[in-house]
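Derivation of every value follows stated rules applied to the coordinates shown; laboratory data play no part. Keep in mind that this is a model prediction, so the values were computed, not measured. Cβ: placed from backbone, ideal geometry, glycine included. Neighbour counts: every protein chain shown.
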Amino acid sequence: EKQLEMCKNVKRARSFVIRDVATIDVGATVMEAKYKMEESGISGLVVVSNEDIVEGIFTKRDIPYLEEDIRKGNVKDFMTKDVISIEPNASREEALNQLFGNRIEKLPIVKDGKLNGLITIKDLKPEFPLASIDKEGRLLCALAISPKFPESTAVQEKLKELDEFVDIFFIDVADYFKENDIMGTKNLMKLLDSDFVLGNIGTYEAAEYLLTDADFPEESFISLKVGMGSGSICSTSIQTGVGAPTIFATAQVADAIQDYNPNISLIADGGFKNPGDLPKVFSVGADMMMSGHFFAGCTESPGYVDTIQGRKVKIYRGMGSKEARTSGYVADRYIEGSKMLAEGVSDYIPYVGDLDGVISTLREGLVNGMIYCGAKKISEIKEAKIGLVSYAGQREAKPHDLLGQH
């Protein structure tokens, strides 16, 4: 239920037309409306009757000033009753004219008095015009799941409900190249309509089998995810003796993809520490990189900011850690029968501020690396020459021979 609500929130965040509109019954209390808005992270609710007839709109601006009114008041006494609405299939220009002409932020889509959707001003003029969106203008949403096919009919129905809001399912296990995981994924692909990313793997042989012998539906299988035990909070390689460093895994699987199916994309997952790691991983064949370390310390990441010895920090939790396993989200992502063996850790990570700053730093590192390699596009950097650097060369590449901490 919690993951479903998260996916719904992603789809509501940026959309020309919000289909899954947050509503509240006309007989509800102000306290109920206030709690629902805070819990869902939204600024307003469409007030409806039992027949889904639009009765009004209640926003944060309608919350009464007096504490007694908040505790005892009803939504119908404080909502905006004269609702300005628009017909289905209206154009973006018509919606903008209604919103700006009437100085409102939310425009319900109403047909025969019934609610059909909602248009908001923030969705018509998005803050992030280059965001990845679906056909309806909503943000793309991906969800990490276990490859284990659920036997319960109730869980299968819940997955189908999730499928309505998820564009890509990430099969997310420490080592995907196992018969049970592959068979489970095939059954999931039959049940669900969304695309699938499969991982993690780390060798040419694993990629070769998945691309040639596993018989996944072509319309569902879009990408492979590589890297085993490389993350800064992952201890799989230490605890099990099995792993595949990200650069090695990327190079291996990239070769297999070129040999068997160049249409499959490649995601390099984990092990990134500096912006300069991005040009390296793209040069060996990655189409995309995936990181927790870069973003865990951002304002926007889950968790609160704490202060340890005068430094601002956030908690960074590995999905194989004891703390994550306690939550129940990762029950099937690691070897059955070894649930007591943690394959990750939880620790503090420096607080780095807003995501914008981190993205800018990573972008500059990638762009400058591409310039030095003579590449105008990521596809061109894959032609860059690659060499091995000795330990002495690694030390030389960092600031050195200084009196400070370097």
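Here are a few things to note about the model shown:
- Computed magnitude of the charge dipole of the chain (debye, nearest 20; Cβ of K, R +1, Cβ of D, E -1): 1120
- R0 of 45 Å, Cβ-Cβ distance Arg363-Asp25: FRET efficiency to nearest 0.05: 0.45
- For segment 15-124, with +1 on Lys and Arg beta carbons and -1 on Asp and Glu, the positive-most of Asn97, Val21, Tyr65 along the dipole: Asn97
- Axis angle, to the nearest 10 degrees, between helix 153-163 and the longest C-alpha principal axis of the chain: 90 degrees.
- Lys, Arg +1 and Asp, Glu -1 on Cβ, resulting dipole of segment 1-79 about Cα centre, debye, nearest 20: 440
- Helix 30-40 axis, angle to the chain major axis (alpha carbon atoms, nearest 10°): 20
- Rounded to the nearest 5, the antiparallel percentage of DSSP beta bridges internal to segment 1-110 is 65%.
- Prolate/oblate/rounded call for segment 142-397, Cα gyration tensor, a/c under 1.5 rounded: oblate
- Lys, Arg +1 and Asp, Glu -1 on Cβ, resulting dipole of segment 158-203 about Cα centre, debye, nearest 20: 200
- With Cα atoms defining each centre, segment 194-227 and segment 39-74 are spaced 48 Å apart in the structure.
- Likely footprinting exposure, Lys382, Lys2, fewest C-beta neighbours within 10 Å first: Lys2, Lys382
- Applying the criteria of a DSSP loop state and at most 11 other Cβ atoms within 10 Å to the GluC sites (Glu not before Pro) of segment 365-406 yields Glu383.
- Nitroxide proxy distance, nm - points 7 Å out along Cα→Cβ at Tyr304 and Glu380: 5.0
- Placing pseudo-labels 7 Å out from each Cα toward the beta carbon at Ala142 and Phe128 gives an inter-label distance of 1.3 nm.
- Taking Leu362, Leu96 and counting other C-beta atoms within 10 Å, the order from fewest to most: Leu96, Leu362
- 0 to 90° range, to nearest 10: angle between helix 179-191 axis and the chain longest Cα axis: 30
- Segment 36-140: trypsin sites (Lys or Arg not before Pro) in DSSP loop, at most 16 other beta carbons within 10 Å: Lys81, Arg103, Lys135
- Modelled spin labels at Tyr372 and Asn89, positioned 7 Å past Cα toward Cβ, are 5.7 nm from each other.
- For the chain, share of DSSP beta bridges that run antiparallel, in % to the nearest 5: 50
- 222 nm mean residue ellipticity, helices alone, for the chain (DSSP H n ≥ 4; -39,500 (n - 2.57); rounded to 500): -10000 deg cm²/dmol
- Förster radius 45 Å - calculated FRET efficiency between Asn97 and Ala397 (Cβ-Cβ, nearest 0.05): 0.20
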